[in-house]
Amino acid sequence: MFVAADIARAAVGGSLVGLSTAGMLYTHGRLSGITGIVGGAMHPKAQSESWSWRAAFIAGLLVSGLIARVVRPDLVTLHNTTNVVVLAVAGLLAGFGARISGGCTSGHGICGIGSFSLRSMAATGTFMVLGAVVVYTMRHVLFGGGV
């Protein structure tokens, strides 16, 4: 059951994501699809101008997470049952899959839906359903609740 504090945190978090997405569009004329940003930064032929804003974006993601962990550790915690190796592998596989499919969760889920793109709505629905299937399978079929 949600309480008012949960709803307020979700509203603040969603607003910050929306503001940062709008800021990226306004300042760089680009959507903030994280997979594309990281992939572009890792590309061997990345131009220096392109690489610098990508590196700043990635650093901002990492530093903001660290700041949140220090300021409010109760909001940024891994559960005792979380297997960090499984989490890291899952993140890499999701990023790899998103990169080879030409889209990503943040690009479609935030920017695409925000611009009423039917393609993005279909993509977001697809990865949400498949994500639920994978989580259920991992927790209840393969690992019996240990992940």
Sole exception among (1) surrounded by 11 or more Cβ atoms within 10 Å (Cβ to Cβ); (2) assigned to a helix (DSSP H, G or I); (3) modelled with pLDDT under 80 for PHE127, by number:
(3)
Residue that is among the aliphatic types (A, V, I, L, M) and at pLDDT 80 or above, where the choices are VAL38, VAL76, VAL86:
VAL38
In the same structural domain as VAL84 (by TED's automatic domain parsing), basic (Lys, Arg), touching a Gly at 6+ places or on another chain (Cβ under 6 Å) and surrounded by fewer than 17 Cβ atoms within 10 Å (Cβ to Cβ): is that true of ARG119 in this structure?
no
Given the options SER50, SER106, name the one that is farther than 29 Å from ARG9 by Cβ, of a type in the set (S, T, N, Q) and either at pLDDT 80 or above or surrounded by 13 or more Cβ atoms within 10 Å (Cβ to Cβ) (or both).
SER50
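The values are calculated or read from the model by the stated rules, or taken from the named source; none is laboratory data. Computed from a prediction, not measured in an experiment: that's the story for all the values here. Here the Cβ is made from the backbone with ideal geometry for all residues, glycine too, and neighbour counts use every protein chain on show.
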